Amino acid sequence: MTPFHEAVRMTPLEQRIRDRIAADGPIPVSQYMSMALGDPDFGYYVTRDPLGAAGDFITAPEISQIFGELIGLWCAIAWEQSGAPERAVLVELGPGRGTLMADALRAAEMSPPFAAAIELHLVETSPKLRDSQRAALGDYDVTWHDRFDEVPPGPLFLVANEFFDALPIDQYVKTKTGWRRRCIAFDPKTDAFCFMVSEAPLAEISEEMQNASIGEIRETNPSAMALAGELGRRLADFGGAALIIDYGPAQSATGDSLQAVSRQHYHDVLATPGEADITAHVDFQELARSACVAGAAAHGPIHQAALLARLGIGQRTETLLKSAGPEQAETLRAAARRLIDPDAMGTLFKALALTGPDMPPPAGFEGADFGENV
Ligand SMILES: C[S@@+](CC[C@H](N)C(=O)[O-])C[C@H]1O[C@@H](n2cnc3c(N)ncnc32)[C@H](O)[C@@H]1O
């Protein structure tokens with residue numbers, strides 16, 4: 001490969017990761033994912049707004065206003081169920097363009113006492129997306145944070161849609177000598193990044209993992225679990241409810257779920273870091289467990305389709321259809337189908353609710369005890 005060709009091909013972040021590997025040796029998957037998404041100069045979310053039909057991927061609130069509206073009502077009901085506290089610390093983790101929160105706040109106006117109690121906090125690391133959120137939420141008094149633990153204490157009402165899947169995972173692979181951490185190295189022969197197995201062992205090995213076959217992969221997500229623990233502590237201490245919507249199996253599973261997407265298509269995870277979104281499945285079972293150990297109660301996970309149906313997506317679509325022209329009507333119907341169809345987002349996406357220990361099941365989660373996938 002000529003130096004000229006190399007210079008054209010390599011992203012600035014690729015060079016930075018190569019330098020890191022040259023200095024420190026192969027890096028864990030979590031470090032690669034953190035750099036690819038959040039490098040302060042070249043990270044994927046730092047340099048762009050990837051959302052929407054013209055971007056790399058589209059999310060539920062960008063598909064239909066009804067998604068955010070129903071979540072706003074969910075929060076208002078959860079606030080009432082929590083005893084209607086004077087202050088409601090309303091938080092969104094990873095608010096993207098601010099679309100979900102703008103729709104949610106509009107719907108929350110249906111409960112003026114809840115709307116009056118809201119203190120709005122957004123946890124967002126991307127400067128570009130903070131600008132979009134400022135534009136979408138211009139009329140509201142917003143405080144931004146880099147991390148959830150900066151959010152002031154108080155009764156918590158929290159939403160996280162497609163946030164946890166962006167938190168960095170680690171991968172472990174079963175080898176003949178036990179479970180070892182999967183790392184990323186640079187292969188000079190192919191002039192590309194490659195996976196390799198390091199000597200670092202996995203700290204905790206369940207009985208089921210001891211029986212795993214050679215080559216099986218197990219993922220862990222320490223930052224997601226720490227965050228779920230912190231959410232659990234806040235909910236136990238101050239009350240409230242959190243709604244986490246994301247994709248992943250309802251029960252912990254083995255396998256490699258690391259994936260990259262660029263322009264609505266799958267992309268090689270190790271190619272052009274910083275230019276593609278990288279995500280991993282959310283382990284709802286472990287998230288719920290971490291929050292429960294810290295004192296919260298967990299409900300679900302349930303399918304996104306079930307949650308939206310119970311919150312009234314059908315009725316809300318009918319209401320909007322009454323004032324829609326033929327073209328707009330078809331768009332509304334198609335958007336609702338996309339959110340709830342099993343072939344689209346309806347069952348791939350799950351919803352997990354965490355609440356204060358004394359709260360009844362939140363709206364849509366009645367009869368959905370932790371672990372029951374309905
Ligand atoms: C896939 S987008 C989802 C956006 C939005 N929730 C939606 O549904 O349209 C992920 C969001 O999380 C933010 N994000 C990713 N990693 C983050 C982190 N470690 N801390 C705070 N925000 C993060 C991104 O900048 C983006 O706003």
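Details
- Hits in segment 199-211 - residues which are of a type in the set (A, V, I, L, M) and within 20 Å of Arg289 (Cβ to Cβ): Leu202, Ala203, Ile205, Met209
- Total residues in segment 49-84, condition part of a helix (DSSP H, G or I), out of contact with any strand residue (DSSP E or B) (no Cβ under 9 Å at 6 or more places or on another chain) and among the acidic types (Asp, Glu): 2
- From the options Trp144, Trp179, residue that is away from the ligand (no atom under 16 Å from the Cβ) and in contact with a helix residue (DSSP H, G or I) (Cβ under 9 Å, 6 or more places away or on another chain): Trp179
- Residue check, Phe148 at negative phi and touching a residue at least 60 places away in the same chain (Cβ under 8 Å): yes
To keep it simple, each residue is scored yes or no on (1) surrounded by 20 or more Cβ atoms within 10 Å (Cβ to Cβ); (2) closer than 30 Å to Ala53 by Cβ.
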{"position": "Ala78", "(1), (2)": "yes, no"}
{"position": "Ala88", "(1), (2)": "yes, no"}
{"position": "Ala104", "(1), (2)": "yes, yes"}
{"position": "Ala108", "(1), (2)": "yes, yes"}
{"position": "Val123", "(1), (2)": "yes, yes"}
{"position": "Gln133", "(1), (2)": "yes, yes"}
{"position": "Thr143", "(1), (2)": "no, no"}
{"position": "Asp146", "(1), (2)": "no, yes"}
{"position": "Phe163", "(1), (2)": "yes, yes"}
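- For segment 85-102, the criterion of a residue being assigned to a helix (DSSP H, G or I) and more than 19 Å from the chain's Cα centre (by Cα) is satisfied by no position.
- Of the strands (runs of 3 or more DSSP E) lying entirely inside segment 153-207, those containing at least 3 residues that are modelled with pLDDT under 90 span 192-201.
- The combined condition, being within 11 Å of the ligand (Cβ to nearest atom) and surrounded by 18 or more Cβ atoms within 10 Å (Cβ to Cβ), is not fulfilled by Glu69.
- All of (1) crowded, with 18+ Cβ neighbours inside 10 Å; (2) within 16 Å of the ligand (Cβ to nearest atom) hold for Ser223 with one exception: (1).
The values are calculated or read from the model by the stated rules, or taken from the named source; none is laboratory data. Please read all numbers here as calculations on a predicted model, not as lab measurements. Positions of Cβ are backbone-derived with ideal geometry, glycine not excepted, and every protein chain shown enters the neighbour counts.
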